[in-house]
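The values are calculated or read from the model by the stated rules, or taken from the named source; none is laboratory data. If you're wondering where the values come from, they're calculated on a predicted model, not measured in any experiment. Positions of Cβ are backbone-derived with ideal geometry, glycine not excepted, and every protein chain shown enters the neighbour counts. The area values use the complete protein model at the heavy-atom level, side chains included, leaving out ligands, DNA and RNA. Shrake-Rupley method; radii C 1.70, N 1.55, O 1.52, S 1.80 Å.
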Amino acid sequence: MNKLRLVLITLIALPLFAQYNSMCFNDKGALCLLSQESIEVKGAQKAFTVSEDLFRPFGLDTLPDGSFLVADSGNSTIKMLNDSGQLLISFGGKGSSDSSLLRPLGVCFDGTGRIIVSDTGNDCVKVFDKDGAFLFKFGKRGYGGSEFLNPFHVFKGKDNSIFVVDPGNICVKKFSATGKLLLKFSERLLSVSDAAVHPDGSVYICDYLDRSVKIFSPAGEFKGFYRDRFYYTKPTIIAISSEGFVAVQDSGTGIIETLSPENKVVQKIETRSNYRGGKIYAACADKNGVIFSTSFQDDYVYRLGNDGAGVSFGGNGTAPGLFREPRGVGTDSKGRVFVSDSFNGRIEQFDNNGKFLAEFNGYDWPLQLAVGADNSIYVSETGRSLIRKIDASGKTLMEIRPGEYFNPGPIAVDAAGTIGVINTLNKNFVMLAPDGKALKSFSFENKWPVSVAAGEAGTFYVFDSLESVVYMMNTTGLASQIKLELSGRRREKYGVLVYKEGKLFFLNSTKLSEVIFPTPLLKQQ
């Protein structure tokens, strides 16, 4: 498997489909759940909204006194909260220095009082004391045993060992308390979205793509499946208590199920929310101004007309006209709609009303796509780390790979055939000539670019969801920028850009708003 499928894990396999981003058991055996704005303690029947602003929090652990540690990735900080959600301490902040963090996704508290953090953006693990003072770090970007590609959750083992979920390298790694690599769990894994250690020393790993939770011995040998293979549809996060209770969140069904050591269901939590409250993954507008969009949470394409009326087409499955994680969407001048059906490895073609017309197979994780003025389709084929250009019949016209460490994500094409694409590995936006040669690159290292739209020839717009800023760019540099006035609610902060009828719009789950840039234009930075 191509290890550069990192973008698949980071943009899809992480728990973006469900209500909760992380969970753990506290010392009293109660299941604690972290959402975007709150923490719930199920055993105590307690829930509270966190007083501090959290943006993309992904890591959670509890301390012996009942307080919480939260990896607030969007704010690049670690926050310690009391059992009512009030802030006790906060440390980190965006940067690459020893004391700084960049999009931390995991945090845990070990038996010696240290705080372990997966500094995801800097591809390393950092260790701090209980007050947030830096102690040491280990790991760097790469494919080696002690290297990481977007480390996710971290959790403690016996003897204060440190486990790190490394989705980019499709494994879980065990380190000593001082950061020395001890073991790698990778046998028979197609993907890794989360893991936890059992009191007997075995390790349970969520294999998102294989739709299963796999059990490994303390020595790293694959021993079998928890429950049955394919019992889950999208297992994304897992927690195991000190007594051996196991909780798994299945993002496909929206259910968190907790089993006792005797394999009896003791708790079942329904979490799935509908599309209207979810986040939009990609969108486009046809020549008549009709908008088509895909979401993070289901297997449908939504059609929104100028009158505001919306309909959908698709559904979950492998048959023609159905999807398994549709991500990119684009339309051509003839009114045809093209959808990248990521998990089925194909591009599907529909008419303007959602009637299935054709499918093009043989793609390795087609994540996003865009349609050019000549009706050519440009596909971000993340499994092969390239952009594939095809015609409307599915024939490959060109393959574009501008350099090493290229994993194309959101993509757009202007009227002249210039390509604008977000490189998810290097966190930059790249403009490419029609022949695939690089024209300009813009760094987004400390930001979170999630959407790109093409305007007039030579002009592209990129939305950074971390700062809620839209950047206008051309081949001479940064032309202008504007900060959107979005509420603190997660579904309103996350959205995509749509260029239609000569105007730029921002679309999220609540509304469509025109984006108007200030004048005069800013000088190049």
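Those strands (runs of 3 or more DSSP E) of the stretch 290-332 in which 3 or more residues are at negative phi and either touching a helix residue (DSSP H, G or I) at 6+ places or on another chain (Cβ under 8 Å) or aliphatic (A, V, I, L, M) (or both) occupy 300-304. Counting only strands (runs of 3 or more DSSP E) wholly contained in the stretch 93-183, no element carries 3 or more residues that are among the acidic types (Asp, Glu). When the residues of the stretch 207-231 are filtered to those that are open to solvent by less than 10 Å² (accessible area, probe 1.4 Å), under 26 Å from residue 35 (Cβ atoms) and of a type outside the set (Val, Ile, Thr), the one that is nearest to the chain's Cα centre (by Cα) is 208. Could you look through the stretch 67-96, keep only residues that are modelled with pLDDT under 90 and open to solvent by 20 Å² or more (accessible area, probe 1.4 Å), and pick out the one that is nearest to residue 260 (Cα to Cα)? Among those that are modelled with pLDDT under 90 and open to solvent by 20 Å² or more (accessible area, probe 1.4 Å), it is 83. Across the stretch 144-155, the qualifying residues are those that are more than 20 Å from residue 238 (Cα to Cα) and within 20 Å of the chain's Cα centre (by Cα), and the one among them that is surrounded by the fewest Cβ atoms within 10 Å (Cβ to Cβ) is 149.
Scanning the stretch 412-427 for residues being surrounded by fewer than 24 Cβ atoms within 10 Å (Cβ to Cβ) and either among the charged types (D, E, K, R) or not in a loop (DSSP other than H, G, I, E, B) (or both) gives a total of 3. Against the numbered list (1) part of a loop (DSSP other than H, G, I, E, B); (2) among the small types (Gly, Ala, Ser); (3) buried (at least 19 other Cβ atoms within 10 Å of the Cβ), residue 247 comes up short only at (1). Scan the stretch 370-393 and tell me whether some residue there is of a type in the set (Val, Ile, Thr), surrounded by fewer than 21 Cβ atoms within 10 Å (Cβ to Cβ) and outside any loop (DSSP other than H, G, I, E, B). Yes; the residues of the stretch 370-393 include at least one that is of a type in the set (Val, Ile, Thr), surrounded by fewer than 21 Cβ atoms within 10 Å (Cβ to Cβ) and outside any loop (DSSP other than H, G, I, E, B). The residue pairs whose first member lies in the stretch 203-223 and is without any contact (Cβ under 8 Å) to a residue 12 or more places away in the chain, whose second member is not acidic (Asp, Glu), and whose beta carbons are closer than 9 Å, counting only pairs six or more residues apart or on different chains, do not exist in this structure. Taken over the stretch 446-457, the residue count meeting the criterion of being touching a residue at least 60 places away in the same chain (Cβ under 8 Å) and farther than 18 Å from residue 417 by Cα is 3. Across the stretch 187-201, the number of residues qualifying as modelled with pLDDT of 95 or more and crowded, with 17+ Cβ neighbours inside 10 Å comes to 5. Residue check, residue 103 against (1) under 18 Å from residue 203 (Cα atoms); (2) open to solvent by 10 Å² or more (accessible area, probe 1.4 Å); (3) not hydroxyl-bearing (Ser, Thr, Tyr), all met but one. Which one? So residue 103 meets the others, but not (1). Restricting the stretch 111-132 to residues that are of a type in the set (Gly, Ala, Ser) and over 29 Å from the mean Cα position of the chain (by Cα), the residue that is modelled with the lowest pLDDT is 111.
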